[in-house]
Amino acid sequence: MPLEDDFCDIIKKARIGQGLSVGDVALRAKVPGGNITALERGACPPDRLEVQALAEALGLRSGPLEQIAIEKWEPVAQRPIDWVETIQGSINGYGVQGYVVHDGGEALLIDTAYNAPAMIEFLSTRRLQLVGTCLTHGHADHADGIDEILKFREAPVYLGSADVDLLSWRPPDAHMKAPEQGQTITVGRLHVQCLATPGHTPGGICYRVDDGSQSVCFVGDTLFAGSIGRSNPSTLYRTHLGSVWAHVLTLPPEYRLLPGHGPATTVREELDHNPFAVGH
């Protein structure tokens, strides 16, 4: 699976997140504004000197940015996890993925993948008891379809309170749960810990599962392999970076990171290859 973001996406996210115009970056990087615009549009490949100059101007790590832009780095493919099922969906041709965490006959959904029918089919086929739906954030590609899921089986819907207004359909209050930092949700013998990670959205949540030999964090759009999601609004950019560092990249290096788009990665790979991993 290719990276969700390429070089043009990364530099545009970093520029907009910092409230910089193309002209501002051109002055900082000493690269013509027309070149920057073309690079952001993916109209031409960057050379190494341009990548280095833009990394410095945008506060990104030059080495990882060069690896993505020039050397075409991709994370090492991960073997399947016994208790995680990936559900693929599409919104107007744009791929999205959600997950089913299952153990001991119980299941917890992580986002809807904009594909509630596939989620329901998996639960039905495996005869799994749904104990809840955990939403990483309120955007439609991750949250739409919860009405179908609740019709199939009533269970709590976990979502950061600041994201409730993003939902296109809001579940009844009796089903809505706002996770607290560090709260644990049990599914079978597994314990899913809620991590508040505002940035991509104001109420973003990541979900951590420590199973000893197979530890995972479901990161939604907080982080992609080699990048981060777009900060919404852009004024949350610094908050977003802080969330990535405080709650995701401080996990043990072997932790798998399962995003809402693009390939899986690990904490170790992101510490080595993510241009946004710039420290506290």
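Derivation of every value follows stated rules applied to the coordinates shown; laboratory data play no part. Please read all numbers here as calculations on a predicted model, not as lab measurements. Every residue, glycine among them, receives a Cβ derived from its backbone with ideal geometry; neighbour counts consider all protein chains shown.
To the nearest 500 deg cm²/dmol, what mean residue ellipticity at 222 nm is calculated for the chain from DSSP H runs of n ≥ 4 alone, each contributing -39,500 (n - 2.57), summed and divided by the residues? Value at 222 nm, helices only, nearest 500: -8000 deg cm²/dmol. Projected label points at Cys44 and Ala162, each 7 Å from Cα along the beta carbon direction, are separated by 4.0 nanometres.
When peptides 190-202, 217-229, 131-143 are sorted by average Cβ neighbour count within 10 Å, with the highest value leading, the order is 217-229, 131-143, 190-202. Put simply, the amide H of Val278, placed in the peptide plane, has no neighbours under 5 Å, leaving out anything fewer than 5 places away on its chain.
When only Cα pairs below 8 angstrom with a gap of at least 6 residues are kept, region 7-69 shows a relative contact order of 36 percent.
Taking 0.36 nm per residue of sequence separation and removing the Cα-Cα distance, the Val76/Gln18 pair yields an extension gain of 17.8 nm.
Local charge sum around Ile70 (other residues, Cβ-Cβ under 9 Å, Lys/Arg +1, Asp/Glu -1)? Net local charge, Ile70 excluded: -1. For region 157-162, putting each phi into the Karplus relation 6.51 cos²θ - 1.76 cosθ + 1.60 with θ = phi - 60° gives couplings of 10, 9, 7, x, 4, 6 Hz, in residue order, rounded to whole numbers and with x for Gly and Pro. What is the helix-to-structure angle for 7-17, meaning the angle in degrees between its Cα long axis and the longest Cα principal axis of the chain, kept from 0 to 90 and rounded to the nearest 10? Relative to the chain, helix 7-17 is tipped by roughly 90 degrees.
Beta bridges per DSSP, both residues in the chain: antiparallel share near 70 percent. Enumerate the lysines that Lys30 could reach by cross-link, defined here as Cα to Cα under 19 Å, with residues fewer than 8 away along the same chain left out. Once the sequence-local lysines are set aside, what remains near Lys30 is Lys12.
Other residues lying with their Cβ under 12 Å from the Cβ of Trp245 contribute a combined charge of 0, Lys and Arg counting +1, Asp and Glu -1.
Straight-line reach from Lys177: which lysines fall under 18 Å, measuring Cα to Cα and dropping same-chain residues less than 8 apart? Here the lysines satisfying the reach criterion relative to Lys177 are Lys151. Fully extending the segment from Gln214 to Leu27, taken as 0.36 nm per residue of separation minus the present Cα-Cα distance, adds 62.7 nm. The long axis of helix 116-126 is offset from the longest Cα principal axis of the chain by roughly 50 degrees. Separation of region 153-221 and region 13-89, taken as the distance between their Cα centroids, equals 29 angstrom.
Across region 190-196, coupling constants 3J(HN,Hα) worked out from phi with the 6.51/-1.76/1.60 Karplus curve, θ = phi - 60°, read 8, 10, 9, 9, 8, 10, 6 Hz, and Gly and Pro carry x.
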